[in-house]
Amino acid sequence: MQIFRVDILRHQLRDAFIYWCVIPAIVIGSGYLLDRFFCFASIAPPGWLIFTAFACLVIGCGIIYQATVDVTRYGHGTPNPRRPPKKLVTQGIYGYCRHPMFFGYDLAALGVALLLWSPSLLLISYPLFLFLEVRFLRSEEHYLARRYGEKFLYYQKKVPFLLPFISIRWR
């Protein structure tokens, strides 16, 4: 099965635009607006932090790519709700955390936030974004529990919620 499907390409492009342009613009823009409101000075990040930021960005994008491939390979569907996986995906990168695509997105967003070195973005906008994302993912898990039943409940007990290798299991 292909990652990009002609029958839903318009929806996939729209969703990609929302996740990769609209949401980051809101988070970054709100950080800069808050910096101006609180009169925080803009300073350049130290060199080691630039390397760390790029590493987060590249690794995050790699995780997103692998999660997309695994949904296609093991779930026989796409990440798009219009053609969701036919099976619960627990193999590959989904064996490390239940929401690796969002983990990768969060890591990439952290990389961008570190590159921009905005105090409000790092301390207010990005954490608020993470809080809202976790709320969304918890509601999505209720849907997954209804859809996949006992299989998902077992997977939920076995695999961490969002952070790989962290034993906090959110239900």
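Local charge for ILE93 was computed over the other residues whose Cβ lies under 11 Å away, with Lys and Arg +1 and Asp and Glu -1, and equals +1. With the helix formula -39500 (n - 2.57) applied to DSSP H stretches of n ≥ 4, the chain reaches a computed 222 nm mean residue ellipticity of -20000 deg cm²/dmol. Placing +1 on the Cβ of every Lys and Arg and -1 on the Cβ of every Asp and Glu, with no other charges, gives the chain a dipole of roughly 800 debye about its Cα centre. Amide H contacts for PHE161 (H built 1.01 Å from N in the peptide plane; partners 5 or more residues away or on another chain; cut-off under 5 Å): ARG98, TRP170. Helices assigned as whole DSSP H runs in the chain whose Cα atoms extend at least 27 Å along their own long axis and whose mean Kyte-Doolittle hydropathy is -1.0 or higher are found at 47-75, 126-148.
Spacing of the modelled spin labels on PHE17 and TYR154, each 7 Å from Cα toward Cβ, amounts to 4.2 nm. When peptides 72-81, 44-53 are ranked by their average number of other Cβ atoms within 10 Å per residue, the highest-first order is 72-81, 44-53.
Once the convex hull of all Cα atoms in the chain is built, its volume per residue stands at 117 Å³.
Each value in this text was obtained by applying a stated rule to the coordinates, not by laboratory testing. Quantities reported herein were computed from a predicted structural model and do not represent experimental measurements. Cβ atoms come from the backbone with ideal geometry, glycine included; neighbour counts cover every protein chain shown.
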